Amino acid sequence: MVLFYAVKAGPAYLIFPLIALSPVITIALSFLFLHERTGRMGVIGIVLAVCALPLFDYSPGGAPQQYGLWFVLALGVLVAWGLQAYFMKLANAHMDAESIFFYMTASALLCIPVALAMTDFSQPINYGPSGPLLAAVTQVLNAIGALTLVYAFRYGKALTVSPLVNAGAPLLTTVIAMALAATMPGGYRLAGIVLSLAAALFLALQPEEGAAPAESTKGV
């Protein structure tokens with residue numbers, strides 16, 4: 001929700017590359033506190049993925065920007081998303097993945113009044129059939145992604161899952177947009193695609209180390 005205010009107050013072409021670096025926080029916390037480690041190919045894949053993330057949304061040539069409130073808000077989003085991935089991994093050691101998803105859903109529902117309070121009802125709103133339908137499809141996809149993300153953190157290392165997921169999403173979006181528009185992306189997005197594919201390859205080739213996650217000790 002903070003992201004809405006950040007984009008309203010500042011340039012999207014700087015905000016999205018900035019918050020795309022949230023896996024850096026997850027990687028650092030997982031390395032320091034969860035003692036996760038990976039091999040040489042995994043490290044290369046992580047570095048490539050982190051380098052690729054800002055390239056998908058970066059578009060130079062805009063007017064010079066003052067780093068005001070929007071920058072602070074963007075940093076808040078970066079920290080929140082980085083911490084979310086870390087605690088998602090941490091929670092998997094103490095409860096079922098299904099329980100984590102339940103609490104994520106419950107907390108999202110509790111934020112509905114806040115979202116309504118943030119809504120500018122003076123702006124045009126699509127109340128027709130296509131509005132709720134498209135919103136429902138979007139949120140179903142979002143829910144499926146959130147559930148599979150919880151399982152990904154359960155069975156994989158946070159320092160590899162986080163950069164892979166964060167680089168894979170804009171990569172897939174760009175590829176679909178290219179297919180629908182029948183156009184080639186610009187130089188920065190093309191570089192992001194190449195780096196993301198290389199990162200996925202290195203992360204996939206890196207053999208997993210360590211045992212499977214511990215059995216859950218709590219339920220809902």
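No lab work stands behind these numbers, since they all come straight from the coordinates. In this text, all values refer to a predicted model and were calculated from it rather than measured experimentally. Backbone-built Cβ (ideal geometry, glycine too); neighbour counts: all protein chains shown.
Helices meeting the span-like rule in the chain (full DSSP H runs, Cα extent of at least 30 Å along the helix axis, mean Kyte-Doolittle score of 0.0 or higher): 69-91, 130-155, 158-181. Ordering 167-176, 33-42, 129-138 by mean Cβ neighbour count within 10 Å, with the highest value first, yields 167-176, 33-42, 129-138. With the simple spin-label model, which puts each label point 7 Å out from Cα in the Cβ direction, the Tyr67 to Ser107 separation comes to 2.9 nm.
Lys/Arg Cβ at +1, Asp/Glu Cβ at -1, dipole of the chain taken about the Cα centre: which of Leu75, Ile100, Ala85 is farthest positive-ward? Of the listed residues, the answer is Leu75.
Note on the chain: with charges restricted to the Cβ of Lys and Arg (+1) and Asp and Glu (-1), its dipole about the Cα centre is near 240 debye.
Straightening the chain between Leu75 and Tyr188 buys 38.4 nm, computed as 0.36 nm per residue apart minus the Cα-Cα spacing. Remark: relative contact order (the chain) = 41 percent; criterion is Cα-Cα distance under 8 angstrom and separation of 6 or more residues. Calculated FRET efficiency, Met41 to Ser130, Cβ-Cβ distance, R0 = 45 Å: about 0.50 to the nearest 0.05.
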